[in-house]
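The values are calculated or read from the model by the stated rules, or taken from the named source; none is laboratory data. Note that the coordinates shown come from a computational prediction; the quantities given were computed from them, not determined experimentally. Cβ placement follows ideal geometry from the backbone for every residue including glycine, while neighbour counts extend to all protein chains displayed. With ligands, DNA and RNA removed, areas are computed over all heavy atoms of the protein, side chains included. Shrake-Rupley method; radii C 1.70, N 1.55, O 1.52, S 1.80 Å.
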Amino acid sequence: MRIIVLAKQVPDTNEVKIDPVKGTLIRDGVPSILNPDDANALEAALAAKDQFPGSTVSVLSMGPGQACYMLRECLAMGADDAYLLSSRTFGGADTCATSTTLAAGIRKLGKFDIIFAGRQAIDGDTAQVGPQTAYRLGIPVVTYVMKIREYKEKSVVVERQLEDGYEVIEVSLPCMLTAVKELNEPRYMTIGRIEEAYKKTITIWDENDVALKPESCGLKASPTQVFRSFTPPPKGKGEMLKGTVPEMAAQLVAKLTEKHVL
Amino acid sequence: MAVNVINEKCKGCQKCIKVCPFNAITMEEKLAVIGPSCTGCGVCVDACPFKAIEKTEEAAHTKDLSVYHDVWVFAEQREGKLMGVAIELLGEGKKLAAEIGCKLCAVLCGENVDGLVDELIAYGADKVYYANAPELKSYNTDAYTKTIYEAISKYKPEIVLLGATHIGRDLGPCLAVKCGTGLTADCTKLEIDPEDKKLKQTRPAFGGNLMATIICPNHRPQMSTVRPGVMEKPKYDKSRKGELVKLAVSFKDGDIRMKVLEIVKHVADVVSLTDADIIVSGGRGLGSPEGFDLLREFAKKLGGTIGASRAAVDSGWIDHAYQVGQTGTTVKPKIYFACGISGAIQHLAGMQNSGYIIAVNKNENAPIFEVADYGIVGDLYKVIPAIMAELDK
Ligand SMILES: Cc1cc2nc3c(=O)[nH]c(=O)nc-3n(C[C@H](O)[C@H](O)[C@H](O)COP(=O)(O)OP(=O)(O)OC[C@H]3O[C@@H](n4cnc5c(N)ncnc54)[C@H](O)[C@@H]3O)c2cc1C
Ligand SMILES: Nc1ncnc2c1ncn2[C@@H]1O[C@H](COP(=O)(O)O)[C@@H](O)[C@H]1O
């Protein structure tokens, strides 16, 4: 099988802090990581490669040059090759424009059987790029994939997570699947592969390489625009109850009863 | 919109670099340079003490937007029952439609769910577009996308709202690409600009650390998915009248490339979480799955239901369906008890609009106390039984 994985480098939002005085984001020293769901996507691809020897796994990303670190991590986990779509014109892209660029990169990679993406990237949490890229390529998509049951000749059977359970879906190949973290446990990099990963070249493409006009990329091709952004106003701190445990319990019940909420 | 540095005014103070949420600005020869990861958010414009950064409007497209009208709501149904968020969206959609001065319409897909048409009208829809076909019985990405895309192309709505459920977040992106328009994910606030009547969509980003207001100025429809549990449900008025428009549905070979073989349910009702008046949530501080037995007992006494933090879900103590927060459910009960929950931003994102927040935590510095109306520092295994004893009095 020829497998493609879409991976994004993201700031670790767990480490993002708010400056309490200025109310702005502190990004200093915030590490960049492989988007967590994308590690599950890559693992699914590598597991398929283990199951069907002779398969290849290519990782594709769009982002600034520093995303190469993340791509090397993917290689060290076991991907065969890595491609970075990087150019000034790709900047400021919303999900719509991102999917155009990724789809162009995928077309350049040629024939494939399956594409894995993460369900969502933790910087934007949109969960849109996977399905949008699939629809641009004209292939079917199953999102929120939590289990792969079986690969068949011309289809794959998967479980798709719902809020209160799951659906079992059979989808024809080629297709796009987006991974949630319940899908698998991503493998670790191995020392041998880390060394190999540094010997490999990461192919970098700009808009000309993937035959896109500058006006089809980035900010210019983004229907949505950020009108304003702000840090959410913090909710005021309430009252800390004092005394022994039974006293605090009594105060709480009294206060809630007094306010007619209990 | 694009952001530009006015080189003559830039003093190289680097303030903009520090405030940029996207790490998009660098210094080159003591001048700020806006890099490719700029999203045009404008935080730097306000932060620059020298007014050296400006925001410029891009020349508007010449596309005729005036043919688009009405607010549409995707009436998501599962097993013939409307999802709560679809009803919430009718309430919100009604307000938006009133401000624009247009109709509120619902688009309904299913098989023989005619009863829902009246329900949608009773909840405020002026018109219901109804696609009735066996292929639409339960959600199918290809079948729903094709049907609704054709309806959008024919009737040209100005705004299309979908619930940010697992289904809405699957359908929305596919529809948006087919319609060649933008889509704003997981909105928590919608407003109409009083001047140009355009939709302003506000959503959390960076795990709730930052809020962004998004517009879609030159493309139609303007599309958003909206978080369940955030908008107010409208009143049910049986006497309302509305119009029914049946959509023609046809599929040919190759239109539908996936088949739902089976639908499996884990949890009897998740809906109870978004509808609950009282939620007692537990986190890693419970220490073991048995902790939820105590919380269940407490919740039962209060007539409420239980919830959980992601740490408790990840520990395997409770099903994901109970998770409250950014990657779980957004809740807005009258009272939210957070027991043994530290109060990470991703958890707060899903519960901070609750009426009263009561936190029980051993650690007096736990961030949950920053949002709590009443805080109790102590061991939840002592505090909860004490509250229950007090309630029995
Ligand atoms: C992309 C992303 C999405 C996420 N989405 C969500 C989400 O939707 N929902 C969510 O909840 N989290 C989410 N998280 C995880 C979040 O960052 C936190 O890790 C999580 O909320 C922590 O759960 P906790 O408060 O239960 O555990 P901890 O942070 O470990 O806190 C446990 C607390 O219990 C207290 N405690 C211990 N013992 C006792 C006792 N006996 N009595 C009283 N108090 C006690 C401790 O003092 C501590 O404050 C997300 C993270 C990421 C990266
Ligand atoms: N710039 C990008 N490069 C590669 N893959 C991406 C990029 N942006 C998004 N994706 C993929 O699309 C998924 C969903 O992203 P998002 O819609 O931003 O939440 C991610 O988990 C990635 O697999």
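Within the span defined as segment B:299-321, one or more residues are hydroxyl-bearing (Ser, Thr, Tyr), more than 10 Å from chain A (Cβ to nearest Cβ), crowded, with 19+ Cβ neighbours inside 10 Å and away from ligand 2 (no atom under 16 Å from the Cβ).
If I go through segment A:237-249 residue by residue, how many of them are more than 8 Å from chain B (Cβ to nearest Cβ), outside any helix (DSSP H, G or I) and on the phi < 0 side of the Ramachandran plot? Talk me through it step by step, then tell me what you get.
To start, the set of residues in segment A:237-249 that are more than 8 Å from chain B (Cβ to nearest Cβ) comprises A:242-244, A:247.
Those still in the list that are outside any helix (DSSP H, G or I) too: A:242-244.
Now restrict to residues that are on the phi < 0 side of the Ramachandran plot: A:242, A:244.
Qualifying residue count for the region: 2.
B:Tyr68 meets the conditions (1) open to solvent by less than 10 Å² (accessible area, probe 1.4 Å); (2) in contact (Cβ under 8 Å) with a residue 40 or more places away in the chain in every case but one. The failed one is (1).
Determine if segment B:96-114 includes at least one residue that is among the β-branched types (Val, Ile, Thr) and part of a loop (DSSP other than H, G, I, E, B). Yes, some residue in segment B:96-114 is among the β-branched types (Val, Ile, Thr) and part of a loop (DSSP other than H, G, I, E, B). The set of residues in segment A:47-84 that are touching an Asp or Glu at 6+ places or on another chain (Cβ under 7 Å) and open to solvent by 10 Å² or more (accessible area, probe 1.4 Å) contains only A:Thr56. Counting the residues of segment A:158-174 that are in contact (Cβ under 8 Å) with a residue 24 or more places away in the chain and not in a strand (DSSP E or B) gives 2.
Considering only segment A:94-128, state which residues are of a type in the set (A, V, I, L, M, F, W, C), facing chain B (nearest Cβ under 9 Å) and within 16 Å of ligand 1 (Cβ to nearest atom).
Of all residues in segment A:94-128, those of a type in the set (A, V, I, L, M, F, W, C) come to A:96-97, A:102-104, A:106, A:109, A:112, A:114-117, A:121-122, A:127.
Imposing the further condition that a residue be facing chain B (nearest Cβ under 9 Å) reduces the set to A:96, A:122, A:127.
Those that are of a type in the set (A, V, I, L, M, F, W, C), facing chain B (nearest Cβ under 9 Å) and within 16 Å of ligand 1 (Cβ to nearest atom): A:Ile122, A:Ala127.
Where strands (runs of 3 or more DSSP E) fall entirely within segment B:195-239, those with at least 2 residues that are within 8 Å of chain A (Cβ to nearest Cβ) are at B:199-205, B:210-215.
Close contacts from segment B:82-96, counting a first residue that is closer than 12 Å to B:Arg227 by Cα and a second that is in a helix (DSSP H, G or I), with Cβ to Cβ under 7 Å and a gap of 6+ residues or different chains, come to B:Gly84/B:Val271; B:Gly84/B:Thr274; B:Gly84/B:Asp275. Which numbered condition trips up A:Ile169, out of (1) within 8 Å of chain B (Cβ to nearest Cβ); (2) of a type in the set (Val, Ile, Thr); (3) in contact with a Phe, Trp or Tyr (Cβ under 6 Å, 6 or more places away or on another chain)? Of the numbered conditions (1) within 8 Å of chain B (Cβ to nearest Cβ); (2) of a type in the set (Val, Ile, Thr); (3) in contact with a Phe, Trp or Tyr (Cβ under 6 Å, 6 or more places away or on another chain), the odd one out for A:Ile169 is (3). In segment A:175-236, counting only strands (runs of 3 or more DSSP E) that sit wholly within it, the ones holding 3 or more residues that are out of contact with any Asp or Glu (no Cβ under 7 Å at 6 or more places or on another chain), within 25 Å of B:Leu199 (Cβ to Cβ) and within 14 Å of chain B (Cβ to nearest Cβ) span A:225-230. As a summary of the residue check, A:Ser155 satisfies the conditions (1) hydroxyl-bearing (Ser, Thr, Tyr); (2) without any contact (Cβ under 8 Å) to a residue 24 or more places away in the chain; (3) open to solvent by less than 20 Å² (accessible area, probe 1.4 Å); (4) closer than 25 Å to B:Gly328 by Cβ except for the one numbered (4).
Of the residues in segment A:129-148, how many are more than 9 Å from chain B (Cβ to nearest Cβ), surrounded by fewer than 24 Cβ atoms within 10 Å (Cβ to Cβ) and modelled with pLDDT of 95 or more?
The qualifying residues number 3.
One residue stands out among those in segment B:339-367 that are near ligand 1 (Cβ under 8 Å from one of its atoms), within 11 Å of another protein chain (Cβ to nearest Cβ) and closer than 20 Å to B:Asp277 by Cα: the one that is least open to solvent (accessible area, probe 1.4 Å), which is B:Val360. Against the test of being within 22 Å of B:Lys332 (Cα to Cα) and out of contact with any strand residue (DSSP E or B) (no Cβ under 9 Å at 6 or more places or on another chain), the options B:Arg296, B:Arg284 yield a single qualifying residue, B:Arg284.
Give A:Ala47, A:Ala41 a once-over and let me know the one that is in a helix (DSSP H, G or I), of a type outside the set (Val, Ile, Thr), within 16 Å of ligand 1 (Cβ to nearest atom) and at pLDDT 95 or above. Outline the logic, then answer.
Working: A:Ala47 fails: within 16 Å of ligand 1 (Cβ to nearest atom).
After applying the criteria, what remains is A:Ala41.
Residues in segment B:150-194 that are on the phi > 0 side of the Ramachandran plot and in a loop (DSSP other than H, G, I, E, B) were compared, and the one that is surrounded by the fewest Cβ atoms within 10 Å (Cβ to Cβ) is B:Gly180.
In segment B:368-393, the residue that is least open to solvent (accessible area, probe 1.4 Å) out of those that are charged (D, E, K, R) and more than 7 Å from chain A (Cβ to nearest Cβ) is B:Asp379. Looking across segment A:250-262 at every residue that is at the interface with chain B (Cβ under 7 Å from one of its Cβ atoms) and closer than 17 Å to B:Phe369 by Cβ, the one that is surrounded by the most Cβ atoms within 10 Å (Cβ to Cβ) is identified as A:Leu252.
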